[in-house]
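The values are calculated or read from the model by the stated rules, or taken from the named source; none is laboratory data. Remember, it's a predicted structure, so these values are computed and weren't measured experimentally. We place every Cβ from the backbone using ideal geometry, glycine too, and count neighbours over all the protein chains shown.
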Amino acid sequence: MANVRLGYLIDRARNIRVRNLFEFAQQVGRVSKAPTPVIVADMLWCSVKYDMGFRDYAVWDIRLLNRAERATWMTHPKSFRITRLHNTPEGRAKLEDKRRFAVEYADLLGRETIDLRDVDDATLGAFLARHPKVITKQVDGQGGGGITVREVAPDTDAAAFRAEVMAAGQSVVDEFITQHPRMSEVYPGSVNTVRLITFLRPDGEVRLLAAVLRIGNGGSIDNFASGGMYTMLDAEGRALYPGVDKNSNVYDVHPVTGVPIVGFEVPKYDEVVALAESLARRTPEAPYVGWDLAITESGPVVIEGNHNSSVFQPKPSASGVRTGLLKTYQDAVSF
């Protein structure tokens, strides 16, 4: 593991972006009020001492925490090493290639999906006739990137649709998921998902490392990196804290719908957890995965599995929680 960490740190030092460093420092300054040079120095120190990314430092209010509290946080560099040490190339390929994923997990998708490389215009036209709203995406897109929601008119020309989608670097076309009405209440503009991060232990036990509700905010994607917000869930699927976005904005209620975030209950949550456990056991080649699950009226369905899942923890200034999930990860993964 030490060699993986050293390689990661060397690569990171080579690719450090000073502009990002200072942008995150300014974000931290809105919470801590410390001078920017002090924050920058502390960020650089924490990146080495605690193996911490700059965004980690900003989003989780590390500047506000003491030494003992800082040492409890799971970080993205640590997550990266778990991925590299435990998820095999075969497991990463199985999850990353959306065309393959649609085949491997077809019975759990809850939607019709095609790849433009596999169908002719007649088949595509019939698909579009069945689905007036679709999502098109890159075959290997991540972080909510490379995804477009498209309305399809009854007279849409299949060849023209194909050309437009392929020109955007996309080839996967999914039927748009109609989410559970309760999930639409909090924000109807996107399919709001639950991410459950699991680790499949060698003895077959599935450990749930984190449960997260992701909510769109003004756009059609709920992803944190794409402008959405997140909050942590308890064992019954209730939102524990206000929502937070990547710019450290905190939302007690959703700014579009006015629905309170704290206490929001994810419907059919026991089924959501059961689905994640089933998916984990089906994917032994990648023990460490963040599963994105949507909830429909008939039950949860899988959107995708992330072999390099982001880390989610409570934001101290929004939640009052000053310790992270490092021990939860260590107990499950044994690192």
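Could you say which residue among Arg30, Arg92 is assigned by TED's automatic domain parsing to the domain that holds Thr231, assigned to a helix (DSSP H, G or I) and surrounded by fewer than 21 Cβ atoms within 10 Å (Cβ to Cβ)? Show your work before the answer.
Values: Arg30 fails: assigned by TED's automatic domain parsing to the domain that holds Thr231.
After ruling out the rest, the residue left standing is Arg92.
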Checklist outcome for this item: Scanning the range 200-219 residue by residue, the ones that are at pLDDT 95 or above and in contact with a strand residue (DSSP E or B) (Cβ under 8 Å, 6 or more places away or on another chain) total 12
Item to check | Residues of the range 265-300 classified as in contact with a Lys or Arg (Cβ under 7 Å, 6 or more places away or on another chain) and farther than 20 Å from Val311 by Cβ, total | outcome: 6
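Quick one: in the range 95-114, which of the residues that are outside any helix (DSSP H, G or I) and aliphatic (A, V, I, L, M) is farthest from Phe54 (Cα to Cα)?
If we take residues in the range 95-114 being outside any helix (DSSP H, G or I) and aliphatic (A, V, I, L, M), then Ile114 is farthest from Phe54 (Cα to Cα).
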Item to check | Residues within the range 262-296 that are farther than 30 Å from Pro89 by Cα, touching a Pro at 6+ places or on another chain (Cβ under 9 Å), among the charged types (D, E, K, R) and free of Cβ contacts under 8 Å to residues at least 40 places away in the same chain, tallied | outcome: 0
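The rows are residues; the columns are (1) basic (Lys, Arg); (2) surrounded by 22 or more Cβ atoms within 10 Å (Cβ to Cβ).
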| residue | (1), (2) |
| --- | --- |
| Val302 | no, no |
| Ser319 | no, no |
| Arg322 | yes, no |
| Tyr329 | no, yes |
Next on the checklist: Take the conditions in the same structural domain as Val191 (by TED's automatic domain parsing) and either in contact with a helix residue (DSSP H, G or I) (Cβ under 8 Å, 6 or more places away or on another chain) or outside any loop (DSSP other than H, G, I, E, B) (or both) and apply them to Ala286. Does it pass?
Outcome noted: yes
Checklist entry - How about the range 113-133: which of its residues are of a type outside the set (Ser, Thr, Tyr) and in contact with a helix residue (DSSP H, G or I) (Cβ under 7 Å, 6 or more places away or on another chain)? => result Ile114, Asp115, Leu116, Asp121, Leu124, Gly125, Leu128
Next on the checklist: Taking the conditions exactly as written (at pLDDT below 95, among the aromatic types (Phe, Trp, Tyr) and assigned to a loop (DSSP other than H, G, I, E, B)), does Phe312 satisfy them or not?
Outcome noted: no
Next on the checklist: Suppose we filter Leu6, Leu85 for residues that are modelled with pLDDT under 90, part of a helix (DSSP H, G or I) and not polar (S, T, N, Q); which single one remains?
Outcome noted: Leu6
Item to check | Qualifying residues in the range 33-76 (those that are assigned to a loop (DSSP other than H, G, I, E, B) and small (Gly, Ala, Ser)) - the one nearest to the chain's Cα centre (by Cα) | outcome: Gly53
Checklist entry - Of the residues that sit in the range 321-335 and are touching a residue at least 12 places away in the same chain (Cβ under 8 Å) and part of a loop (DSSP other than H, G, I, E, B), which one is farthest from Leu233 (Cα to Cα)? => result Phe335
Next on the checklist: List the residue pairs whose Cβ atoms are under 9 Å apart, where the first residue sits in the range 182-199 and is farther than 17 Å from Glu297 by Cα and modelled with pLDDT of 95 or more, the second is of a type in the set (A, V, I, L, M) and part of a loop (DSSP other than H, G, I, E, B), and the two are 6 or more positions apart or on different chains.
Outcome noted: Ile197/Val311
